[in-house]
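**Q** Pasting in a structure now, in structure tokens, and then I'll have a few things to ask.
The values are calculated or read from the model by the stated rules, or taken from the named source; none is laboratory data. Computed from a predicted model, the values in this text were never measured in an experiment. Neighbour counts are summed over all protein chains in view; Cβ atoms, including those assigned to glycine, are modelled from backbone coordinates with ideal geometry. Areas reflect the complete protein model, heavy atoms only, side chains present, ligands, DNA and RNA absent. Shrake-Rupley method; radii C 1.70, N 1.55, O 1.52, S 1.80 Å.
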Amino acid sequence: LKPKPELTSDPAGAALTGNTVTLTCRMDLSTGWDFYWYKQTPNAETKTETNSYRVNIDSVSDGGQYWCRAGRGKPVYYTQYSDALWVNITVIPKAVVTVRPDERVFRGETVTLRCDIKWGGDTEWTYRWEIEGKIDYQYKNSVSQISTKEWNISSVDHVHSGKYTCTGQMGAQSSQRSDAVTLNVSAEAQAAVRVSPQPWLTEGDSVTLICEVTSSSTGWTFSWFRDDDHLSDSSRGAGGSYTLSPAALQHTGVYTCRAERGRPAYYTKYSNTQPLWITGVSPSVSLVVSPSRSQHFSSDSLFLSCEDQSNSAGWTVRRYTDRNTEDCSKQTGSTCRIVSLSTSDTGVYWCQSESGEKHHPLNITVHDDDVILVSSVDPVIEGDTLTLHCLHRSTNSPILTADFYKDGSLIQKQTTGEMSITTVSKSHEGFYYCKTERGQSLHSWISVR
């Protein structure tokens, strides 16, 4: 009887495009046989000298029914055809790499890389990770020994920066390689806080503090602190903003924030400090400044005193300067005297009671250069007149020609060194400065009540 070979395939299940399938024509016969291969119909044949035939799977159309048979001699004596073998082809899936918490991370964070392959079959994949990175100032490719779906790096460092790709392995077959995910590992994370619209308020106004992580925005939760005390209601600032509406006197203080993400938690550095000052509508105590202006020349002297309508005892002049909160130096009772100002005296000054109440905060700026803007140290009352002067250090008198700016835009040019707004409204609030050929003043916030 004519022998009948058995046709098998490797892999035996579905094959993936981009890979190969090896067909084997099995037959328990002596040597000297050639093997003939057929697809779909026995009309077109391919001849090999061995009983293996490798099929390159370029597309789904390479699948279908295959047969084989053997033959030898002249004329050729053929065996029977094998039974038909279905070769099922599936479009090769592409691996996808995701990274948590973010592609931009910070030294010391825990990073999880995950390789996902959308696949309907039951066979488990193994994974092959590749890294292209700059190690010891040379670009190198390396293949990791990680064969699992997820790759945890417990404490990343700069050497982990690079491009990560993964490929799935299923026996002799491979998935498409994933697109590269670039992991950037930076130094310690730094939080930064800013305020909108401005840090000088009257009670009843609204203000929002915004906390951001430099060069990163994904997955952070935030904690807020006032005067180094953790705010118990800071969960409302978890999204990165902390709103006071309406603002009250007790909200006055120095605010900082910090962000965290991941498990175990990774914390940023504390942010810069942001003072927030809320002035009472009719405070019982006033901080009197002499000379009465918000900008001052370095080396000049300055007097500050707390004056209570009923009793001046028990009040202390305190200040926030250069990230420190402290009593004003050289204080006698409720009066403070600074003999020679320096730029380190720039800050916010206020009157504080023995019970810790803070009243009448004023912004004092000390300038090393030769030009300052003379403006009211207190908020201007709506409807009143606002007068600004540009003052020169040597003459201690208004400069003849000066340009005045509000929020960076020129509002009055080449005046006599003085500018007046006769009927002030809320729209006149903003940052003002003046500029002359001798120099430029610092910016002062003019608030309108």
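**Q** Count charges around residue 367 for me, please; just the other residues with Cβ under 14 Å from its Cβ, Lys/Arg as +1, Asp/Glu as -1.
**A** Numbers: positive: 293, 393, 435, 438; negative: 300, 345, 368, 369, 370.
Counting the neighbours of residue 367, the net charge comes to -1.
**Q** Still on this structure, I have one more. Calculate I(q)/I(0) for the range 28-83 by the Debye formula, one identical point scatterer on each C-alpha and no solvent, and give its log10 at q = 0.18, 0.20 Å⁻¹ to two decimals.
**A** -0.64, -0.76
**Q** Could you do me a favour and compute the accessible area per residue for the range 155-238, 1.4 Å probe, result in Å²? Before the final figure, lay out each step's value.
**A** On the way: 3910 Å² over 84 residues.
Heavy-atom SASA per residue in the range 155-238 reads 47 Å².
**Q** To the nearest whole percent, what portion of all C-alpha pairs in the range 166-316 is separated by more than 26 angstrom? Could you put the intermediate results ahead of the total?
**A** On the way: 5721 of 11325 pairs.
Tail of P(r) above 26 Å: 51 percent of Cα pairs.
**Q** Using only the heavy atoms of the protein chains and a 1.4 Å probe, how would 21, 143 rank by accessible area, largest first?
**A** Working: 21 5, 143 70 Å².
Ranked list, largest accessible area first: 143, 21.
**Q** Can you give me the distance in nm between label points at residue 187 and residue 65, each placed 7 Å from the Cα along the Cα-to-Cβ direction?
**A** Placing both labels 7 Å along Cα→Cβ, they lie 7.2 nm apart.
**Q** Quick check: convex hull over the Cα atoms of the range 1-45, volume per residue in Å³, rounded to an integer? Walk me through the intermediate numbers first.
**A** Details: hull volume 5.6 nm³, N = 45.
With only Cα atoms used, the range 1-45 gives 125 Å³ per residue.
**Q** Could I ask something else about it? So, counting K/R as plus one and D/E as minus one, what does the shell of residues with Cβ under 13 Å around residue 78 add up to?
**A** Numbers: positive: 2, 4, 47, 69, 72, 74; negative: 34, 45.
Here the count lands on +4.
**Q** Which three lengths, in whole Å and largest first, does the range 161-238 cover when its Cα atoms are put on their principal axes?
**A** Over the range 161-238, Cα extents along the principal axes are 72, 22, 21 Å.
**Q** Still on this structure: Can you compute the radius of gyration and Dmax for the chain, using only the Cα atoms, both in Å?
**A** 39.2, 129
**Q** Something else about it: Would you calculate the separation in nanometres between label points at residue 228 and residue 344, each defined as 7 Å from the Cα along the Cα-to-beta-carbon direction?
**A** 1.9
**Q** Could you pull out the pairs from 269/426; 2/47; 330/406 whose alpha carbons sit more than 29 Å apart here? Walk me through the numbers before you get to the answer.
**A** Details: 269/426 38 Å; 2/47 19 Å; 330/406 36 Å.
From the list (269/426; 2/47; 330/406), the Cα-Cα distance tops 29 Å for 269/426; 330/406.
**Q** Using the alpha carbon gyration tensor of the range 303-449, what are the three equivalent-ellipsoid semi-axes (square root of 5 times each eigenvalue), largest first, in whole Å? Please list the in-between numbers first.
**A** Values: eigenvalues 181, 71, 32 Å².
Ellipsoid half-lengths, sorted descending, are 30, 19, 13 Å.
**Q** Take the range 237-303, compute every pairwise Cα distance, and split them into 5 Å bins from 0; I just need the percent in each bin.
**A** 3, 11, 14, 15, 14, 13, 11, 8, 5, 4, 2, 0
**Q** What stretch of the chain, leaving out the sites themselves, is the longest with no GluC sites (Glu not before Pro) in a DSSP loop having at most 12 other Cβ atoms within 10 Å? Walk me through the numbers before you get to the answer.
**A** Details: sites that count: 49, 124, 188, 354, 382, 437.
Counting only loop sites that pass the neighbour cut-off, the longest clear stretch is 189-353.
**Q** In Å², what does the accessible area per residue of the range 342-405 work out to with a 1.4 Å probe? Could you put the intermediate results ahead of the total?
**A** Details: 2630 Å² over 64 residues.
For the range 342-405, the solvent-accessible area averages 41 Å² per residue.
**Q** Can you give the Rg to Rh ratio of the range 311-395, both from alpha-carbon atoms, with Rh computed by the Kirkwood formula? Before the final figure, lay out the partial values.
**A** Values: Rg = 14.9 Å, Rh = 14.8 Å.
Expressed as Rg/Rh, it is 1.01.
**Q** Can you give the net charge of the other residues whose Cβ lies under 12 Å from the Cβ of residue 15, counting K and R as +1 and D and E as -1?
**A** On the way: positive: 54; negative: 10, 58, 62.
Every neighbour counted, the sum reads -2.
**Q** Continuing with the same structure: Please compute the Cα-Cα pair-distance distribution of the range 1-138 with 10 Å bins starting at 0, giving whole percents from short to long.
**A** Each 10 Å bin holds this share of Cα pairs: 10, 30, 21, 15, 11, 8, 4, 0.
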